[in-house]
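Beneath this line is the structure, given in structure tokens, with notes to follow.
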Amino acid sequence: MPSLRSAACCLLLAFAPAVVAQDTARARLAAGDPAPALQCGAFLRGEAFEAFPPGRVTVVEFWATWCGPCIGAFPHLSALQREYRERGLTVLGVDVWEEKGPVVRGEAEVRKFVEARAAQLAYSVALDREDGAMARNWLEAAGLRGIPATFVVDGAGKLAWIGHPDALALVLQELYAGTWDVQAGPARLEAARAAVLAACERYAESLAAGEAAWKEVSTRYPSYAARFLDRRYAEMLANGHTEAGYALGREMLARAKAGHDSIAAMDVVTPMMDTERPPKTIDRALALEVAGVVYELGDPTDPGRHISLVQIHYFLGNLEEAAEHRELALQLSPPEVHERMNAWFERLEEQALAAQK
């Protein structure tokens, strides 16, 4: 699990989760191989191109409108595009597998979806061809059965890395520094991930131990640690460090708002709702502020916006507000998911009513 993400944030997703899963036994495309050809359909945003610019690094990110983790990666990819633009980085998002989602979207619908998220997308975005050439020659060839999935193509046109976008910042950092090794790199990424998670676990000992461990690991792996702030925050709350935790939560919410990232905003309230490891105290004002940011940043036509608000308001005991957004979520969702959504909403309502007794 690369990071903590609320299931409600894009929940047609909680019903259709997406992760990077690789069948290495069937893969015929791997890091070190020449990159497959670019065979995109229409470009929906940014500069259109048909081949990899020689001498420049290119990131090819596969996503779909129904994939919450993919949407959650938009601001991160945009930040990396801006950071490395002057060094020649090109980021390309390729929309694939729309037929696998609960709502099948064609070109017009995907274009509208992209336009509604223009503030989050500072890079080129294209469709796969109608024959699925990009999904077939990249994802399926690499044995990947889930998205988001990221491919990094180096200046020589070879695949430098294949993986989850959460690790991309560290890959690019080493690639531009000239220290990236195609064979040894994945093991270093796993070591960085393990070190960051281990640092988060030190909050179980004490706040001082956790902060010391976090300072050390964020110095060693600054770009990677930045992607795990949600885990750090969750561990702080779960282990009773609520004052420091909620201070971090407010910093996270400010970043989410600046980055037009409603999913990152939900990361601030999700640990408050953890029934297995509940915080000692709930910062209701912060949770309500999250609700306001989710409403402000969310796409009015996206049921996920209202599903998130249903979850927050039931948690806070605001039954009227929850009912209002529940109705809107159902209106915007396809009928085939209504039964499952209603069952989930009813559980949330029961929990809210029980808490008020």
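Values quoted throughout were computed directly from the atomic coordinates according to the rules given, and no laboratory measurement underlies them. Predicted model only: the values in this text are computed from it and were never measured. Please note: Cβ atoms are built from the backbone with ideal geometry, for glycine as well, and neighbour counts cover all protein chains shown.
Summary of computed values
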read-out	value
Over the chain: Kirkwood hydrodynamic radius from C-alpha pairwise inverse distances, Å	21.2
Mean Kyte hydropathy of -0.5 or more with a Cα span along the axis of at least 15 Å, helices from DSSP in the chain	185-201, 207-220, 242-258, 284-297, 303-316, 319-332
Charge dipole (debye, nearest 20) of the chain; +1 at Cβ of Lys and Arg, -1 at Cβ of Asp and Glu	720
Shape call, the stretch 34-99: gyration tensor on alpha carbons, a/c limit 1.5	oblate
Reach of LYS112 by Cα under 24 Å, taken over lysines that are not fewer than 8 positions away in the same chain	LYS100, LYS257
Most fluctuating residue given options ALA160, ALA177, ALA48, as computed from a GNM of the chain linking Cα atoms under 10 Å	ALA177
Residues MET272, MET341 arranged by fewest to most Cβ contacts within 10 Å	MET341, MET272
Full-stretch length increase - GLN331, ALA187 - with 0.36 nm per residue and alpha-carbon distance subtracted	47.2 nm
Beta bridge orientation in the stretch 40-180: antiparallel %, DSSP, nearest 5	55
Global geometry of the stretch 235-356, whether rounded, prolate or oblate, following the gyration tensor of its Cα atoms and the 1.5 cut on a/c	oblate
Contact order relative to length of the chain, as percent, for alpha carbon pairs under 8 angstrom and 6 or more apart	20
Interchain or long-range residues, amide H under 5 Å from ALA42's placed H	LEU127
GluC sites (Glu not before Pro) within the stretch 249-292: DSSP coil, no more than 14 neighbouring Cβ in 10 Å	GLU276
Full-extension gain in nm, ALA212 to THR301, via 0.36 nm per residue minus C-alpha separation	27.7 nm
The stretch 300-357 shape via C-alpha gyration tensor axes, a/c threshold 1.5	oblate
Trypsin sites (Lys or Arg not before Pro) within the stretch 277-338, DSSP loop, no more than 12 other Cβ atoms inside 10 Å	LYS280
Sites excluded, chymotrypsin sites (Phe, Trp or Tyr not before Pro) in DSSP loops with at most 16 other C-beta within 10 Å, longest stretch of the chain	50-357
Gain on full stretching of the segment that runs from GLU324 to THR179 - 0.36 nm per residue minus C-alpha separation	46.9 nm
Per DSSP, loop GluC sites (Glu not before Pro) in the stretch 86-148 with at most 14 further Cβ within 10 Å	GLU130
Cut-off under 5 Å, modelled amide H: who pairs with VAL94 long-range	GLU61, PHE62, TRP63, ALA126
